Amino acid sequence: MNASPVESTTNAAEVLSEVRGSVGFITLNRPKALNALSLSMIRALTECLLAWRDDARVQAVAFRGMGKAGPFGAFCAGGDIRFFHQAVRECDAALEDFFTEEYTLNHLIHRYPKPTLAFMDGIVMGGGMGISQGTRWRIVTERSRIAMPETAIGLFPDVAGGYFLSRCPGHVGEYLALTGEVIGADAALQFGLADRRVDSSCLEALWQALGVQSFADAAAVSAWLELQLVPSSAGEKMDTRRIDAIFGLPDLQNMVQALENGVDDLWSQQTLTALRQPSPLLLQVSLEQIRRARHMALADDLRMERDMMRHCFARGTQSEAFEGIRARVVDKDNAPRWNPPRVEEVTPEMVQAFFAGPWPAHAHPLRLLD
Ligand code: QUE
């Protein structure tokens, strides 16, 4: 190993970075928090990617997470939502910076001019999807647990979730956004949320091999990966007809009604239960988000999500997100008191308010994204 001392001492130890051979390697290294992204991690990642973009030694960039028992095993559980809670209580303006900088990082990864890889082993949720979905090689394993669970904490599937969920086949995007359902490797491949499957026992060898090849250019990296990561034979395909029939309905009340009519089957029962846990308001907002995003370019989606996130915390400790985070991770009573408490009580005006841009175009914090 010839790790350069400059790269291996990035500002935060929660992000490890090094260049081996012609590849930049990034390890999310906050295993006790399942690598949940803090603002300092987002800054370290951005700094690293900007430096490597213009570094002629670097032909590709690979991401992985540190697990509790060593590398891999967990990619990233999301954002540092304990920080969100604390920032709301303290009126800390860094909460606003967090989302602006996180979405800028997501955009940077989607647009990165060199091949990128994400080793999506173990938990890959929320912010972890924001890092991985923009990469060229999204590698899943038999241990991958993939989801966008934000409605459970009174948020919506951000980090370009509107963009990548709405581009899943049929109405799978609405299904994943609203229920927060956790999927594995097969479903991720089927839904276009992953590119290749490898056995988790092969991850370390692949990670090491990437750093000892002498790649002349980015095309050589891609050619090598095409040979190493052959498309796996189609696994058992999930039948998505029920998902499309329910989640393609025009609104949430219709979906709930249709599920209630089919409660004798287990899937309808479980799906109904899943829809009764999240914030009714954010369920409606997330449905509107996915449907708007289907016709939006990436940068426009990220600007919309930035607008939406501003509204999510606009009411301080009265916000759905503050209550959701309290209930799920701070007090852990799992009994959020949502307002309004029922789907039927959410008005179109409450939903539309989330899509009103707080900024004129020339002053939007993400105006420079293209
Ligand atoms: C919904 C979510 C998140 C969640 C739980 C939910 C989320 C997230 C975390 C999380 C997990 C472990 C940590 C941490 C945060 O939990 O986005 O700091 O150590 O990041 O029900 O969306």
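So here's what we get for this one:
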item: The stretch 111-171: projected area of the alpha-carbon convex hull, averaged over directions, in nm²; result: 4.7
item: The stretch 172-198 and the stretch 49-90: distance between their alpha carbon centers, rounded to Å; result: 21
item: 25 °C / 0.890 mPa s Stokes-Einstein diffusion coefficient of the chain, Kirkwood radius on C-alpha pairs, µm²/s; result: 116
item: Within straight-line cross-link reach of K114, lysines at Cα separation under 19 Å, skipping those fewer than 8 residues along the same chain; result: none
item: Spin-label pair S201/Q253, simplified geometry with 7 Å Cα→Cβ offset, distance in nm; result: 5.5
item: Those trypsin sites (Lys or Arg not before Pro) in the stretch 180-286 that DSSP places in a loop and that have at most 13 other beta carbons within 10 Å; result: K237
item: Nearest-ten-degree value, helix 252-261 long axis tilted from longest Cα axis of the chain; result: 80
item: For the stretch 16-86, Kirkwood radius (reciprocal of mean inverse C-alpha pair distance, Å); result: 12.8
item: Cα-based helix-to-principal-axis angle, 94-110 vs the chain, degrees rounded to 10; result: 60
item: Pairs of Cα atoms farther than 18 Å apart, the stretch 189-253, %; result: 58
item: Lysines whose Cα lies under 18 Å from that of K332, excluding same-chain neighbours fewer than 8 positions away; result: K32
item: Whole-angstrom gap from the stretch 269-339 to the stretch 204-257, using each part's C-alpha centre; result: 26
item: Tail beyond 23 Å, pair distance distribution of the stretch 1-126 (Cα, percent); result: 30
item: DSSP beta bridges in the chain [antiparallel fraction, %, rounded to 5]; result: 30
item: GNM top mover of V61, V212, V172 - the chain, alpha-carbon springs below 10 Å; result: V212
item: Directionally averaged shadow of the stretch 122-242, computed from the convex hull of its alpha-carbon atoms, nm²; result: 8.2
item: Hull shadow area, averaged, the stretch 190-312 [alpha-carbon convex hull, nm²]; result: 11.9
item: Degrees, to the nearest 10: 266-276 long Cα axis against longest axis of the chain; result: 80
item: Equivalent ellipsoid semi-axes - Cα gyration tensor, the stretch 295-364, angstrom; result: 26, 15, 11
item: Relative contact order %, the stretch 25-97, counting alpha carbon pairs below 8 Å whose residues are six or more apart; result: 39
item: Volume in Å³ per residue [convex hull over Cα atoms, computed for the stretch 233-370]; result: 174
item: Rounded to whole Hz, the Karplus (6.51, -1.76, 1.60) HN-Hα couplings of the stretch 323-331, x for glycine and proline; result: 5, x, 5, 3, 5, 8, 10, 8, 7
item: Alpha-carbon spread of the stretch 240-321, three principal axes, descending order, Å; result: 41, 33, 16
item: Binned Cα-Cα distances of the stretch 69-139, short to long, each 5 Å bin given as a whole percent; result: 4, 16, 21, 21, 17, 12, 7, 2, 0
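Throughout, read-outs are computed from the coordinates displayed, never taken from laboratory work. No experiment lies behind these values; they were computed from the predicted model shown. So basically every Cβ, Gly included, is an ideal-geometry build from the backbone, and we count neighbours across all protein chains shown.
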